[in-house]
Amino acid sequence: MGQSSRWLRGRGVLGAPVFVTLLAALPLLLTAARPAYGQLAKVETPEARLVYVPDEAFLIPHAARTFLNSLAFQKRLFDFTSPATTA
């Protein structure tokens, strides 16, 4: 019954059962995960709040300017008043 029978009986790292090995590794896996909110950034103006992925930061000035120009046009043409900051 050599080495192959040990794996058939479900032995993992250092001879411990696979379940115990996974249970011991669980805290390490949970603390290694980064929160998702750290992957986003935001820009706020009095009229708008823009949330974006930092990899595309070069688009933010254009997107914010386009949105604010459109909002100003709608205020002028339709007499639109925004009840709050647009998100």
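Could you list, in sequence order, the residues of the range 55-87 that are touching a strand residue (DSSP E or B) at 6+ places or on another chain (Cβ under 8 Å) and surrounded by 10 or more Cβ atoms within 10 Å (Cβ to Cβ)? Listed by number, the residues that qualify are ALA57, LEU59, ILE60, ALA63, ALA64, PHE67, LEU68, LEU71, THR85, THR86.
Taking residues in the range 46-68 that are touching a residue at least 12 places away in the same chain (Cβ under 8 Å) and assigned to a helix (DSSP H, G or I), and partners anywhere that are charged (D, E, K, R) and surrounded by 11 or more Cβ atoms within 10 Å (Cβ to Cβ), the pairs with Cβ atoms closer than 9 Å and at least 6 places apart or on different chains are PHE67/GLU47; LEU68/GLU47.
Only the coordinates and a few stated rules stand behind these numbers; no lab work does. Note that this is a predicted model, so its numbers are computed, not measured. Neighbour counts run over all protein chains shown; Cβ positions are idealised from the backbone, glycine included.
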